[in-house]
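See below for the structure under consideration.
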Amino acid sequence: MADFISEYLSYTQHFESATSFWKWSAYATIAAVLKDNVWKEEKDDKLHPNIYVLLLADSAVARKDRPVAYVERLTNAVGNTKVISGRSSIQALLDELAGAETDPKTGRISTGGQGIFIAPELSAGIVQDPQSVDILTEIYKSRDIYKSRLRGTGSFRIKNLCLSMMAASNSSMVSGTYDTRAMGGGLLGRTMLVFPSEFRSGNSLWKEVDTGVEYDNLVKQLIEMAKLRGPLEFTKDAQQVYDDWYIPFRDSYKNKHDSSGIAGRIHTGVLKIAIIIAVARSVSLIVDKQHMEEAIEECLSLVPNYQQLTMTTSRVPIAQVHSLVMSDLFASPEHVLSRKKILQRNMMSFDAETLDKSITTLEQAGFIQCLMTHDGMSYSLTTAGASLFAPKNGTGD
C-alpha cells in the first residue's frame with residue numbers, strides 16, 4: 001500500500017497552505033482514526049498516539065483553515081471516531097465525549113471518549129472558561145475512565161478517553177487559551193506548535209489539478225489504519241535511536257529554565273509521532289529505526305516555535321541569562337563553549353539577540369573572552385569569571 005503521508009502531501013500540493021501545515025494535519029488525522037486501538041506498552045500503563053496540534057500564523061495569507069478542514073473531512077469519511085467542531089464550551093466537549101453518536105452515513109454508533117476536537121480558530125472554538133486550560137491539559141492523557149464533576153447536575157464518567165485536537169490560531173488570539181497558566185500548567189508543552197514552513201505561490205484553483213492521487217484512496221488507506229489493534233513493537237534499532245537522543249537530551253535540561261514545558265514533554269511527542277509515521281508508512285504495528293529518526297527530526301524542528309512564542313510573554317531576566325551562560329562555561333572542558341552549543345542548550349530560555357547582550361556585558365566586566373575555535377565563535381571564562389565559582393574558604397576573604 002502507498003505511503004499515506006506522501007500521497008496526502010502530493011494531493012494537497014497545489015493549495016496555498018504551507019507544507020508543514022499539511023504534514024501535521026496528516027499526523028492529526030491518523031491519530032484521530034487510530035484512537036486508543038494501538039498503544040505502546042509502558043509497564044502498567046499505555047501510551048496512545050493521540051496528539052494536540054496547533055497551527056500558528058499571524059497572517060491570513062498563511063492559509064491555516066484548509067488543513068484543519070481536511071482533518072475534519074477525512075476523519076468524518078472514515079467514521080470510526082467522534083468529530084467535535086464548532087464553538088463549544090469545555091463542558092459541552094466533555095458531554096459529547098461521554099455520550100453516544102451515530103454516523104449519519106454509515107449508521108455506526110460511536111461510544112466512549114474517543115474523538116478529535118476541531119477548531120479553525122481555537123479561541124472561538126472553546127468558549128472562554130477559566131477551567132478550559134486545566135481540562136484540556138488533563139484530558140490529553142488517555143485513560144479507561146475519566147470522571148468529571150463540572151456540572152451542577154452531579155458527576156459523570158467518560159469511558160475510554162482518547163482525545164486528539166486539530167486547531168489553528170494567531171499570536172494575538174492564541175493568548176486567550178495558551179496563556180501563562182497554559183504554559184506553566186503544561187498545555188503548551190503537550191501541544192505540537194506548528195509554524196508555516198514556507199510561503200507558497202498563489203493558485204486561484206480555477207482548474208482542477210491532477211496530482212495523481214485520488215481522494216477516495218486516501219480515505220481507503222485511513223480505513224485500513226483504523227482496523228489495526230494491539231500494542232506496538234519497537235525494534236531494537238528504534239529503541240537505540242531513541243535512547244541515543246533522549247538520555248543526553250534529558251540530562252542537558254535538568255538545570256535549564258523552560259517556560260513552555262516542551263523540553264520535559266517532547267520525548268512523549270516523539271514516541272507518538274513515531275507510531276503515527278510507522279502506521280502511515282506500512283500500516284503495521286512495527287516501529288523501526290527510520291520511523292524513530294523521522295519522528296525525532298519532526299518534533300525537534302518545532303522547538304524554536306515554542307521559544308518564539310514564549311519569549312514574547314515570559315522573557316528570562318538578563319541576570320538569569322548571565323548566570324546560565326557562566327554556568328555552562330564553567331561546567332565545560334577548559335571552561336570553553338561554542339556560541340552554537342550555548343544556544344542549543346538554552347534555546348527555551350533565550351534567543352541569539354539576548355545572548356549577544358549578555359556576552360557584551362560579561363566581556364566588558366572581564367568575566368569572559370571571545371575566541372575562534374574549530375566550532376566557530378566560542379567563549380571562555382577568564383580567571384576572574386572562574387573565580388566566581390570558587391568555594392568560599394569561610395574566612396571572609
With no solvent and one equal point scatterer placed on each C-alpha of the stretch 1-60, evaluate the Debye formula and give log10 I(q)/I(0) for q = 0.13, 0.15, 0.30 Å⁻¹, two decimals.
-0.46, -0.58, -1.22
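Evaluate the chain: find the radius of gyration of its Cα atoms, find its Kirkwood radius, and give the ratio Rg to Rh. Working shown, then result.
Values: Rg = 23.5 Å, Rh = 23.0 Å.
With Rh from the inverse mean 1/r over Cα pairs, Rg/Rh is 1.03.
Suppose R0 equals 22 Å; then what is the FRET efficiency for V61 and A124 from their Cβ-Cβ distance, rounded to the nearest 0.05? Could you put the intermediate results ahead of the total?
Details: r = 20 Å, r/R0 = 0.90.
My answer for the efficiency is 0.65.
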Calculated FRET efficiency, Q240 and Q320, Cβ-Cβ r, R0 30 Å, to nearest 0.05?
0.25
List the residues whose amide H sits under 5 Å from the amide H of L232, counting only those 5 or more places along or on another chain, with H placed 1.01 Å from N in the peptide plane.
W39, K40, E41
Whole percent per 5 Å bin, from 0 to the bin with the longest distance: what is P(r) over all C-alpha pairs of the stretch 318-387?
3, 18, 34, 29, 14, 2
Could you check the spin-label model distance between T19 and S204? Points 7 Å from the Cα along Cα→Cβ, value in nm.
2.7
Once both axes come from the Cα atoms, what is the angle between helix 352-364 and the longest principal axis of the chain, in degrees from 0 to 90, rounded to 10?
10
By how many degrees, between 0 and 90 and to the nearest 10, does the Cα long axis of helix 289-300 differ from the longest principal axis of the chain?
70
How large is the helix-only mean residue ellipticity at 222 nm for the chain, computed as the sum of -39500 (n - 2.57) over DSSP H runs with n ≥ 4, divided by its residue count, in deg cm²/dmol to the nearest 500?
-13000 deg cm²/dmol
Return the subset of K23/K341; K82/K272; K40/K220; K46/K254; K43/K236 for which the Cα-Cα distance in this structure is over 23 Å, preserving the input order.
K23/K341; K40/K220; K46/K254
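Determine the dipole magnitude for the chain: charges of +1 sit on the beta-carbon of Lys and Arg, -1 on that of Asp and Glu, nothing else is charged, the reference point is the Cα centre, and the result goes in debye to the nearest 20.
960
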K289 to T268: FRET efficiency via 1/(1 + (r/R0)^6), r the Cβ-Cβ distance, R0 22 Å, to the nearest 0.05?
0.70
Degrees between helix 266-282 axis and first principal axis of the chain (Cα, 0 to 90, nearest 10)
40
Rel. contact order, % - alpha carbon contacts under 8 angstrom, at least six apart, the stretch 318-387:
37
Using a simple spin-label model with points 7 Å from Cα along the Cα→Cβ vector, what separation in nm is obtained for Q308 and L228?
3.1
For A119, which sequence-distant residues (separation of 5 or more, or a different chain) have an amide H within less than 5 Å of its own amide H, given hydrogens modelled in the peptide plane?
M166, A167, A168
Filtered hits (aspartates and glutamates, Cα-Cα < 17 Å from K141, offset >= 8 within chain) -> D36, E41, E42, D44, D45
If exposed trypsin sites (Lys or Arg not before Pro) are those in a DSSP loop with at most 12 other Cβ within 10 Å, what is the longest stretch of the chain that has none?
255-391
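Since every read-out is calculated from the coordinates, none of them should be taken as a lab result. Predicted model only: the values in this text are computed from it and were never measured. Using ideal geometry, Cβ is built from the backbone for each residue, glycine included, and neighbour counts are taken over all protein chains shown.
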